[in-house]
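Let me begin by presenting the structure, written as C-alpha cells, before commenting on it.
The values are calculated or read from the model by the stated rules, or taken from the named source; none is laboratory data. Remember, it's a predicted structure, so these values are computed and weren't measured experimentally. All Cβ positions, even for glycine, are placed from backbone atoms using ideal geometry, and neighbour counts span all protein chains on display.
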C-alpha cells in the first residue's frame, strides 16, 4: 500500500509539473522561413502565450493567427520540449506586378494575392496590364498564374500579360507579337509549344489548345 501511495503521489506531482508548473512553460519562440516578411511580424501575429505550460499551448490557434498574414503560403506550428514553440513559414513567391493608377506597382503571387506595393517595378517580374480595382478576380488570378509559369528565357521576351476572363489570357511579346494563351492550365506544355512555334516567326501564336496550336501572320478579332 505504501508503494502504491508513493506511486500515486509521484504521478500526481508529475502531472502537476507538466500541466501547471513553470518548469515546462513556454519561454521561447523560434521562427524560420521568413525573408520578405519579418520574424517580428510573425511573432506578433502568433500571440504565443509565453509562460503557459507547453502541453496546454493551442498550436492550431497560433497557426490560424499567423495564417492571417497574406504573404504566407503555409504555416506549421509545433512544440519542442521543454520550453519552445517552433513556427515554420513558407512565403508566397512574387510572380508578377500590376501598375497602380496613383503610381507604383503592386506585387502579386501566382494566385493573385497581393504581396505588397513598391514605387519602382522590380526586375524580372512580368507586367500585368490590368486595373486591379475593376478586373475580374478570376482573370487576375489566371494572368498571375500564367506569368508565374513562364520560364526565365520566355519571361525575358514578354512585354505584358492581360486577361479579360480566366479563359482569355493574352501575352504581348516585346517583338509586338501576340500569344493567345487561353486559361492558366497546362502552362509547361504551352510554354514548350510556344518556344517551338516562335522559331517559325508569326504575328499571332495561339497555344490555348496546346495539342492543336496555330499561328497567323496578321491579327484577327
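Details
- Among the numbered conditions (1) assigned to a strand (DSSP E or B); (2) surrounded by 14 or more Cβ atoms within 10 Å (Cβ to Cβ), the only one that residue 146 does not meet is (1).
- Selection status of residue 140, more than 16 Å from residue 205 (Cβ to Cβ), in contact with a strand residue (DSSP E or B) (Cβ under 6 Å, 6 or more places away or on another chain) and assigned by TED's automatic domain parsing to the domain that holds residue 199: no
- When the range 92-103 is filtered for residues that are under 30 Å from residue 61 (Cβ atoms) and out of contact with any strand residue (DSSP E or B) (no Cβ under 6 Å at 6 or more places or on another chain), only 93 remains.
Here is a yes/no grid of residues against (1) at pLDDT below 95; (2) assigned to a loop (DSSP other than H, G, I, E, B); (3) not assigned by TED's automatic domain parsing to the domain that holds residue 138:
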| site | (1), (2), (3) |
| --- | --- |
| 160 | no, no, no |
| 167 | no, yes, no |
| 172 | no, no, no |
| 180 | no, no, no |
| 191 | yes, no, no |
| 195 | yes, no, no |
| 209 | no, yes, no |
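- Condition check for residue 121: at pLDDT 95 or above, farther than 21 Å from residue 73 by Cβ, touching a strand residue (DSSP E or B) at 6+ places or on another chain (Cβ under 6 Å) and not assigned by TED's automatic domain parsing to the domain that holds residue 68: no
- Screening the range 47-103 for strands (runs of 3 or more DSSP E) wholly inside it with 2 or more residues that are surrounded by fewer than 20 Cβ atoms within 10 Å (Cβ to Cβ), at negative phi and out of contact with any helix residue (DSSP H, G or I) (no Cβ under 9 Å at 6 or more places or on another chain) returns the ranges 84-91.
- The residues on offer are 53, 119, and the sole one that is over 30 Å from residue 161 (Cα atoms) and over 19 Å from the mean Cα position of the chain (by Cα) is 53.
Yes or no, residue by residue, for (1) modelled with pLDDT of 95 or more; (2) under 20 Å from residue 127 (Cβ atoms); (3) not assigned by TED's automatic domain parsing to the domain that holds residue 27:
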residue	(1), (2), (3)
66	yes, no, no
70	no, no, no
76	yes, no, no
85	yes, no, no
102	no, yes, yes
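- Residue match in the range 176-199 (condition: surrounded by fewer than 15 Cβ atoms within 10 Å (Cβ to Cβ) and within 16 Å of residue 127 (Cα to Cα)): yes
- Annotation: of all residues in the range 128-143 being touching a helix residue (DSSP H, G or I) at 6+ places or on another chain (Cβ under 8 Å) and in a loop (DSSP other than H, G, I, E, B), the one that is modelled with the lowest pLDDT is 132.
- Within the range 21-46, being closer than 28 Å to residue 94 by Cβ and assigned to a loop (DSSP other than H, G, I, E, B) holds for 33, 34, 35, 36, 37, 38.
- Residue 137 meets each of the listed conditions (1) surrounded by 15 or more Cβ atoms within 10 Å (Cβ to Cβ); (2) closer than 14 Å to residue 111 by Cα apart from (1).
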